[in-house]
Each structure stands twice: as C-alpha cells, then as structure tokens.
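Visitor: I'd like to ask you about the structure that follows.
Just so you know, all these numbers are worked out from the coordinates, no wet-lab data involved. What you see is a predicted model, and the numbers here were worked out from it, not measured in a lab. Using ideal geometry, Cβ is built from the backbone for each residue, glycine included, and neighbour counts are taken over all protein chains shown.
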Amino acid sequence: MGYREELTRQLRNSARAAIRRYLRENGAGLLNTLYSEQPIRVHVTPGVTVDGRIDLIKRLDDSAASQREVINERLLLDIRDKILDAGDALRENRLPRKSQWCDTCARCDLVGLCRDNPTVAP
Ligand code: SF4
C-alpha cells in the first residue's frame, strides 16, 4: 500500500472513530438538534457588527428549562453595552493582557502567542 492510500486509510479510520465517539457521547440528544453551524450577523450599533457562527442550537427539554436565561430588555441592553465597550477597546487598542493565568487563558486561542501555559510541561 502506498503512502497516499495508507494516509487515506488512517484518516478514514480516525474520522469513523470520531463519529462513533460523538454519537456515543451525544447521540441521545441528536433529536433535539434544531440547527448546527448557523452563521449569525448582528448589527449592534453603527460601526459595531458581531459576525460569527453558532455551533449548535438545541431544543431544550423540560429538565433543562431551569438553565435557561430569560431574554428581556434589561439583559439585551446589558449585552449591547458589553459589546459597545469591547468595540471601543478594540478601536483604542486597549487590550490588556490578563494579569495572571486564568480560565479565560486556558480556553484562549492566542495562548501560544501570549504566554507560557502552566498546565503544559516544558
Ligand atoms: S492567553 Fe489569551 S486570555 Fe490570557 S492574557 Fe493572553 S490573550 Fe488574554
């Protein structure tokens, strides 16, 4: 078997294993999936547009109802204010680094550029 065929076989096996793992861990909830990978674009205010993608939108069953947050005018205004603050910070290049390692750093895509990761052995 050539290199290309071997690579294809390995990638196919990895993809199948990933799908099996996903179905094992999430299969029971698949029927509640409404949308996946939905692009969104929200014009918050002139000069600020939030552009992104929602990974997964699921219909919640009654047991999850208590985890929902009621969307009301106050919540929407608070979120809009946070987005406006973030837009101002970007325009003013006011993006200070976290003073120390934290959960946000642990999830940050830029950690490799920003600082040493204390959870990874050198
Ligand atoms: S690792 Fe990410 S979240 Fe943490 S300080 Fe750097 S840029 Fe900010």
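Visitor: Suppose we keep only residues that are polar (S, T, N, Q) and within 22 Å of the chain's Cα centre (by Cα) within segment 67-105. Which one would you say is surrounded by the most Cβ atoms within 10 Å (Cβ to Cβ)?
Guide: Looking at the filtered set, the residue picked out is Thr104.
Visitor: Also, I was wondering about something else. So which residues in segment 66-118 are more than 12 Å from the ligand (Cβ to nearest atom) and part of a loop (DSSP other than H, G, I, E, B), if there are any at all?
Guide: If the condition is that a residue be more than 12 Å from the ligand (Cβ to nearest atom) and part of a loop (DSSP other than H, G, I, E, B), then Arg68, Glu69, Val70, Ile71, Asn72, Glu92, Asn93, Arg94 are the ones that fit.
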